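Trainee: Sharing a structure here in structure tokens format.
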Amino acid sequence: MSNPVRYNVLVITPSDIVAAGVAEILSRSREFVHYATLPDVSYYSESKFSSCDVVLVDPSVASYDQRAELRRVLSGRGVPVLALQTSAMDASLVRAFDGVVSLYDSMDSILARLSSAIEQSSASPSPRNESEELSARERDILTAVAKGKTNKEIADELNISIHTVITHRKNISHKLGINSISGLTVYAILNRLIDVNEY
């Protein structure tokens, strides 16, 4: 009987307790191996961890730009990136990942979600459409909206027309699935596009 394929799981979390728990669950699996743990995304090295097959990342340790960079590096190889949910998470954040594993999931559920993510990435080798991510201009506009600026103020500041601002705002709401200014503000804070201490 041949040995089953084992997939390397990279865990990115600052919590030693969470990392140890995930490693313990993976050690009981015949399908997955705990490959490495990093305290945050800045320690990620494309060459050092090029053998990972799936990534579990605590969204609180990765800014929007860092998640986009991690996805860019890994998507070329079809590596799924799952959110490791340690607390309540905005629904818009979930869409930035290939799936979610919660601290409250059972061992069987966690392993099933990892398997499902790998199966889906194998079935569709093309990476997620980059248009789902906000462009630099859209992030600028989202930041301005979160700071309470009007469409006219944003247009004047960015030297674009009000119509262009409105179009960008519609695109942002469509991509994120958030229609309220308060929801967009929460998204901007959670993704470190604005610093809540400045207000």
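The values are calculated or read from the model by the stated rules, or taken from the named source; none is laboratory data. A quick note: this is a predicted structure, and the numbers were derived from the prediction, not measured. FYI the Cβ positions are ideal-geometry reconstructions off the backbone, even for glycines, and counts take in every protein chain you see. SASA here: full protein model, heavy atoms, side chains in, ligands and nucleic acids out. Shrake-Rupley method; radii C 1.70, N 1.55, O 1.52, S 1.80 Å.
Trainee: Quick one: would you say S60 is at pLDDT below 90, open to solvent by 40 Å² or more (accessible area, probe 1.4 Å), of a type in the set (S, T, Y) and under 11 Å from the mean Cα position of the chain (by Cα)?
Mentor: Working: at pLDDT below 90: yes; open to solvent by 40 Å² or more (accessible area, probe 1.4 Å): yes; of a type in the set (S, T, Y): yes; under 11 Å from the mean Cα position of the chain (by Cα): yes.
So S60 passes the test.
Trainee: Name the one entry in S106, S42 that is out of contact with any strand residue (DSSP E or B) (no Cβ under 9 Å at 6 or more places or on another chain), open to solvent by 30 Å² or more (accessible area, probe 1.4 Å), polar (S, T, N, Q) and at pLDDT 85 or above.
Mentor: Working: S42 fails: at pLDDT 85 or above.
Only one candidate qualifies: S106.
Trainee: Moving on. Please state which one of R113, R139, R95 is open to solvent by 70 Å² or more (accessible area, probe 1.4 Å) and either of a type in the set (V, I, T) or at pLDDT 85 or above (or both).
Mentor: On the way: R139 fails: open to solvent by 70 Å² or more (accessible area, probe 1.4 Å); R95 fails: either of a type in the set (V, I, T) or at pLDDT 85 or above (or both).
Going through R113, R139, R95 in turn, just one is open to solvent by 70 Å² or more (accessible area, probe 1.4 Å) and either of a type in the set (V, I, T) or at pLDDT 85 or above (or both): R113.
Trainee: Looking at region 145-199 only, could you name the residues that are over 25 Å from D58 (Cα atoms) and among the basic types (K, R)?
Mentor: Scanning region 145-199 gives K147, K149, K152, R169, K170.
Trainee: Okay, next question. What number of residues in region 74-92 are open to solvent by less than 20 Å² (accessible area, probe 1.4 Å) and either of a type in the set (V, I, T) or at pLDDT below 75 (or both)? Reasoning before the result, please.
Mentor: Step one: filter region 74-92 for residues open to solvent by less than 20 Å² (accessible area, probe 1.4 Å), giving 74-75, 79-84, 92.
With the extra rule that they be either of a type in the set (V, I, T) or at pLDDT below 75 (or both), the set shrinks to 74-75, 79, 81, 92.
Within region 74-92, residues that are open to solvent by less than 20 Å² (accessible area, probe 1.4 Å) and either of a type in the set (V, I, T) or at pLDDT below 75 (or both) number 5.
Trainee: Can you name every residue in region 145-169 that is over 19 Å from T185 (Cα atoms), hydrophobic (A, V, I, L, M, F, W, C) and open to solvent by 60 Å² or more (accessible area, probe 1.4 Å)?
Mentor: Listed by number, the list holds a single entry, I162.
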